[in-house]
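Just so it is clear, none of the values below were taken in a lab; they were calculated from the coordinates. The structure presented is a predicted model; accordingly, all values stated were derived computationally and were not measured. All Cβ positions, even for glycine, are placed from backbone atoms using ideal geometry, and neighbour counts span all protein chains on display.
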C-alpha cells in the first residue's frame, strides 16, 4: 500500500450463518481509496453496503481477504490493536446515531473528541456550531429530533481529526437544506486530506463524489467517476 492509499481491500468476502443457511454479504470485493478522496458506495438495501463499511471500520472481520486501513492490516489485528485502531484511525457516522442517552449533545461530541486522543481534534462546541446545533448543545438525545440527533453524530465524527471518515446514510433524517450543509462539511474533510467513504441508496448524493462504487449482491459491479461528471453540492436536489 503506497503512502497516499488510506483504504485497501483485496478479495474480501464476508459470510454469515443464519440458522442452517449461509448468507454471503460481500464477495470478492476489491477497493482502494486514497487520501483526499470522497467516495460514495451506492446500492439498494441488502447489497452489502453497511457490511462493507463495518469491515473497513473494524466492527466486523472478513471471512476471506485482507483489509488495510491507515497503514494497518486490520484483518490480522488482535482485539486490543483493533480497539486502538478504531479510536485513532476511523470516525463513524452511524445510521442509528449511537449517541449516549445520558450525555448532552455537547458531551456526546466531546466524548468522541477525547477518545480519539488527537491534538488536531476540533473543539466540540465548534463542530456543533458547524452543523447548526450550537443552541442545542446542552440538550439530551431524547430532547432532540431525529435530524438533530443525526447532526450530533456528524459533529462527533468531524471533531476527531481521524484520517478515515465512514458515513452510513448521513443525510437520511435531514431536510434538503441541512443535508446539503452536511455534505459540504464531508467534502471539506476530504479537502483536508481525509479519506471519506459514504454509503447510500441516494443516487443524487453520488453526483458529488470523486468516485462512485456500485454494489450489487455483495459484489462491486462498477467503480469510477460519476457518469455525468462531478457536480457541485449546489446542483443537488432530492
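Quick notes on this structure:
- Single match in 179, 218, 159 (criterion: touching a helix residue (DSSP H, G or I) at 6+ places or on another chain (Cβ under 9 Å) and farther than 27 Å from residue 123 by Cβ): 218
- Residue within segment 12-34 that is within 15 Å of the chain's Cα centre (by Cα), buried (at least 17 other Cβ atoms within 10 Å of the Cβ), in contact (Cβ under 8 Å) with a residue 60 or more places away in the chain and not in a strand (DSSP E or B) present: no
- Any hit, segment 60-81, residues being within 16 Å of residue 167 (Cβ to Cβ), touching a residue at least 12 places away in the same chain (Cβ under 8 Å) and not in a helix (DSSP H, G or I): yes
- Counting only strands (runs of 3 or more DSSP E) that fall entirely inside segment 139-219 and contain at least 1 residues that are closer than 25 Å to residue 88 by Cβ, the qualifying elements are 164-168, 195-200.
- Residue in segment 128-145 that is out of contact with any strand residue (DSSP E or B) (no Cβ under 8 Å at 6 or more places or on another chain) and under 28 Å from residue 74 (Cα atoms) present: no
- Inside segment 95-111, residues that are part of a loop (DSSP other than H, G, I, E, B), in contact (Cβ under 8 Å) with a residue 12 or more places away in the chain and out of contact with any helix residue (DSSP H, G or I) (no Cβ under 6 Å at 6 or more places or on another chain) make up a count of 5.
- Number of positions in segment 220-229 that are assigned to a strand (DSSP E or B) and either under 27 Å from residue 173 (Cβ atoms) or touching a residue at least 24 places away in the same chain (Cβ under 8 Å) (or both): 2
- Index of the failed condition, residue 50 passing every other in (1) part of a strand (DSSP E or B); (2) closer than 21 Å to residue 170 by Cβ: (1)
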